[in-house]
Each structure stands twice: as structure tokens, then as C-alpha cells.
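Here's the structure, in C-alpha cells; my notes come after.
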Amino acid sequence: MELSYDEEAVFLRRVNRFVVEVRSSRGVVRCHLMDTGRIDHLATPGGRGVLIEWLRRLGGKTVCRVQAFKTGEGVVAVVDSRVPNRVFAEAVPTVFGGDAVVEAEREVLGSRLDFLIATGRGLWAVEVKGVNLSVGGVGLFPNAPSARAVKHLEVLARLAREGVKPLMAFVASGPT
């Protein structure tokens, strides 16, 4: 999957869970941050390498969206929480075969699963998580455990007891 962005900006500060300020070609602007978790390992005040996409709508509190951060080594660490699901969806035919029938964002047991996939080999319940941090070659999930992640695992376990095949997929992008 090709990551789309319009400009590389300078990180200034995190305003709140969903908003960061960057210095861009348009001056200091506020950008929407899709990953509400910890990004301290990526976001250094004054650090270059914030990959932003300008929003095409007028109004609102933000004028751009943060797609990713570049590290000092030039590695791109994705922080747009939509990207891991898109990467996984592109991999489905390779992983599950061409006969896979995919349902995204399916409501199951009071929780929204990322994917429900039916194949000739059975039914799969899939949760996808993005990982943008690794230390010593080991991928880390800096926001774990979270109540939401625990709920997803409980739903997968319950479905497994009912014969559905559970799958937790981690899509890794980030510094080592």
C-alpha cells in the first residue's frame, strides 16, 4: 500500500488526544491525529518528518491530518489508524485465498470486528492492530493493555468457543 501525504512538516506539540500543531508551508497549523495513543517515541518538539495530508474541506478545528512520522533513520512510522486495516484488506486474497468473502466493520456480540472473513475452510473473526514501535527488533504496542483491546480479545475468545476461527493481526510499521 502506498502511503499518501502532501507535505513533510515540523512537529511542535500535541494539543490533545486528537490534535497536534505543526509548522508547515502554510505556517503553524493544527492537524487531526487519528492515533489517540502514545506517540512520544515519534513526536519530538522541533522534529522534522511529520507527514501530513491537507484536508479538502473548509471549516473545522484542523486543516490537515497526520499520516506518519519519519524517524531520524528515515523509517516511516504510520499513525493513521485506518492504514493497518487497509493493508490487511489488501493482503486478504494472499492470506485467505481468492474465494474469501470479506465483511469489514461487522457488529458481533456488541463489538465491532475489523473483519469477518468466510472461506471454504471456515469463518474467521479478525481484529487488526497497528504497531509503530519496536525495540531491539521486537514490535511493541505502546497503548496496551487498553479496555477496548481487552474487549476485542474477549469477543474473539467467545467466538472461538462457538467455532469461529479467531485472528489477531498486527500490522507493523515503525522504527527499530
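The values are calculated or read from the model by the stated rules, or taken from the named source; none is laboratory data. Just so we're clear, the structure is a prediction, and the values are computed from it rather than from any experiment. Using ideal geometry, Cβ is built from the backbone for each residue, glycine included, and neighbour counts are taken over all protein chains shown. Accessible surface is based on the protein model in full, side chains and every heavy atom, while ligands, DNA and RNA are left aside. Shrake-Rupley method; radii C 1.70, N 1.55, O 1.52, S 1.80 Å.
Structure notes:
- Database remark: amide H of CYS64 closer than 5 angstrom to the amide H of HIS32, LEU55 (H placed geometrically; neighbours at sequence offset of 5 or more, or on other chains; Pro and chain starts carry no H).
- Computed on segment 1-69, with alpha-carbon pairs under 8 angstrom and 6+ residues apart, the relative contact order is 36 percent.
- Neighbourhood net charge (13 Å Cβ-Cβ; Lys/Arg +1, Asp/Glu -1) for ARG112: -2
- Take the chain with all the other protein chains still there, run a 1.4 Å probe, and you get 55 Å² of accessible area per residue.
- The three principal axes of the Cα atoms in the chain give end-to-end lengths of 54, 40, 30 Å, sorted in falling order.
- Cα centroids of segment 32-53 and segment 95-111: 31 Å apart.
- Here the 3J(HN,Hα) profile of segment 146-161, calculated from phi with Karplus coefficients 6.51, -1.76 and 1.60 at θ = phi - 60°, is 10, 4, 5, 5, 4, 4, 4, 5, 5, 5, 4, 5, 5, 5, 4, 5 Hz, Gly and Pro shown as x.
- Dipole of the chain, positive direction: furthest Cα of ALA89, VAL135, VAL22, with charges on the beta-carbon: VAL22
- Surface share of carbon and sulfur [accessible, 1.4 angstrom probe, percent] for the chain: 54
- If you sort ARG57, ARG106 by accessible surface, 1.4 Å probe, largest first, the order is ARG57, ARG106.
- Relative contact order, percent, segment 30-176 [alpha-carbon distance under 8 Å, six or more residues apart]: 21
- Nearest 10 degrees, 0 to 90: helix 83-96 Cα axis against the chain principal axis: 30
- Of all beta bridges that DSSP places with both ends in the chain, some 80 percent have antiparallel geometry.
- Annotation: amide H of LEU12 within the under-5 Å range of GLU21, VAL22, ARG23, GLY46, sequence separation 5 or more or interchain, hydrogens built in the peptide plane.
- Rolling a 1.4 Å probe across all protein chains gives GLU154 an accessible area of roughly 120 Å².
- Restricting attention to segment 74-176, close to 65% of DSSP beta bridges with both partner residues there are antiparallel.
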